[in-house]
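Encoded as structure tokens, the structure appears first; notes follow it.
Throughout, read-outs are computed from the coordinates displayed, never taken from laboratory work. Here the structure is a predicted model, which is why all the values come from computation and not from measurement. So basically every Cβ, Gly included, is an ideal-geometry build from the backbone, and we count neighbours across all protein chains shown.
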Amino acid sequence: MSQLFSPLTLRGLTLRNRTVVAPMCQYSAQMGLANDWHLVHLGRFAIGGFGLVIVEATGVEPRGRITYGCLGLWSDAQIAPLGRIVDFVHAQGAAIGIQLAHAGRKASSPLPFLKDPDAEQKARHSYEDWQPVAPSAFPHDAGSKVPHALTLEEIAGIRTAFVDAAKRAGTAGFDVIELHCAHGYLLNEFLSPLANRREDQYGGARENRMRLPLEIAEAVRKVWPADKPLFARISTTDWHTDGWQVEDSVVLARAFKARGVDVIDCSSGGFAESRIEAGPGYQLGLADAVRKGADIATMTVGLMGDADMAAAAIAEGKADLVALARPALEDPNWPVRALAATGAPEVYALHAKQAGYAVRGLHKALDKA
Ligand SMILES: Cc1cc2nc3c(=O)[nH]c(=O)nc-3n(C[C@H](O)[C@H](O)[C@H](O)COP(=O)(O)O)c2cc1C
């Protein structure tokens with residue numbers, strides 16, 4: 001059986017295999033509360049055999065949501081609906097993580113599938129609009145809102161919001177927290193010289209630009225149980241000569257590791273200036289560079305839906321986990337299907353118990369099992 005389907009232990013958590021569902025915004029919440037859509041969307045991946053399912057970017061404060069339809073974890077009322085999803089995913093044998101996020105200057109965007117809501121739609125979807133915040137008062141692009149530049153006191157408040165959300169994630173029963181430091185959102189805006197033009201201790205030299213993400217990692221680690229892993233998603237490169245580079249990410253990954261981060265989820269891009277050349281496995285080299293450069297476990301993501309390529313990424317030691325977003329939407333049973341294709345009899349146990357025995361019967365009838 002391929003190593004892609006071998007277990008991985010991180011602190012006190014053992015994942016049944018190395019396949020992960022990457023966080024995917026659903027823009028389907030109201031007031032940040034999870035609902036039946038999130039249960040079915042995320043639960044389906046656990047039924048399909050993934051080892052770890054990561055909940056979408058979840059705002060640590062209301063103005064940290066990308067849209068008014070994004071999930072939040074700034075209030076205790078948001079714990080129970082997420083806990084219901086945690087319990088379901090656990091019952092299917094998968095682990096579950098949550099991506100804690102602040103959208104920074106890319107907050108208060110329209111829903112991608114409802115760009116221009118009328119009054120009735122606004123009322124039905126609990127429409128909200130607000131001024132985003134950022135390290136510096138420059139918009140993401142010409143069409144974006146101009147953000148308010150955060151004061152030192154407000155930065156401290158955001159750090160506290162991450163810590164409080166982490167505590168709530170623990171109460172909800174999550175196995176993993178992923179800190180969203182990628183894709184041009186708030187923590188990435190602090191890291192990148194493309195967005196951070198501050199002149200205080202949070203801007204200028206790389207050490208200063210790394211300060212807030214590192215402070216948050218350290219503070220979250222203190223309240224996140226020692227037997228539970230902490231991930232950080234980074235934009236490993238801005239894909240721009242004046243921006244953040246892979247060498248910067250190696251330094252950041254070492255600093256994260258020293259503060260108790262266990263896995264670096266190596267994504268990239270997210271600024272208007274980024275020039276990404278995407279293709280199959282286009283970010284795998286980034287995970288490999290960080291894994292070797294910082295001696296830390298990595299997760300690769302980005303057009304990794306080819307099962308042979310995913311298996312090779314693990315077998316060749318380029319990454320420890322393979323995350324899928326769009327390929328998982330296309331086929332929520334991706335792990336079961338990929339394992340079945342190898343002929344491994346373990347596939348029947350990877351199916352939900354409600355399905356495994358029946359599929360085995362089908363294969364017996366067809367002389368395959
Ligand atoms: C519908 C959708 C929503 C996404 N939402 C998030 C998100 O909440 N947080 C995040 O870090 N990335 C998000 N992404 C990016 C994915 O996690 C992933 O990095 C990207 O799609 C590349 O992987 P893929 O080629 O497997 O789709 C989203 C992608 C999709 C398709």
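Side notes on the structure shown:
- Fewest-first ordering of ILE276, ILE155 by other beta carbons within 10 Å of each residue's beta carbon gives ILE276, ILE155.
- Of PHE231, PHE113, PHE271, the sequence from fewest to most neighbouring Cβ atoms within 10 angstrom is PHE113, PHE271, PHE231.
- Cβ crowding within 10 Å ranks HIS363, HIS140 as HIS363, HIS140, fewest other Cβ atoms first.
- Placing +1 on the Cβ of every Lys and Arg and -1 on the Cβ of every Asp and Glu, with nothing else charged, gives segment 3-332 a dipole about its Cα centre of roughly 500 debye.
- Relative contact order of the chain: 16 percent, from C-alpha pairs under 8 Å at least 6 residues apart in sequence.
- Counting DSSP beta bridges with both ends in the chain, the antiparallel % (nearest 5): 10
- Computed FRET value (nearest 0.05) for ASP227 with ARG254, which takes r as the C-beta separation and R₀ as 25 Å: 0.60
- Low-density loop cleavage sites - GluC sites (Glu not before Pro) in segment 274-369, where at most 13 other Cβ are within 10 Å (DSSP): GLU277, GLU316, GLU346
- Summed side-chain charge close to GLY260 - residues other than GLY260 whose Cβ falls under 10 Å, Lys, Arg +1, Asp, Glu -1: +3
- Across segment 125-234, C-alpha contacts under 8 Å between residues 6 or more apart give a mean separation that, scaled by the residue count, equals a relative contact order of 29 percent.
- For the chain, hydrophobic long helices are taken as DSSP H runs at least 20 Å long by C-alpha position along their axis with mean Kyte-Doolittle hydropathy of -1.0 or more; these are 152-172.
- Shape class of the chain from the Cα gyration tensor (axes a ≥ b ≥ c, square roots of the eigenvalues): prolate, since a/c reaches 1.5 or more and a/b is larger than b/c.
- Lysine-lysine proximity count for the chain, Cα under 26 Å, sequence distance 8 or more or distinct chains: 18
- Beta bridges assigned by DSSP with both partners in segment 26-130 are antiparallel in approximately 20 percent of cases.
- Using R0 = 51 Å, the C-beta based FRET efficiency linking THR171 and GLU199 works out to 0.85.
- Within segment 244-327, trypsin sites (Lys or Arg not before Pro) in DSSP loop having at most 14 other beta-carbon neighbours inside 10 Å: ARG275
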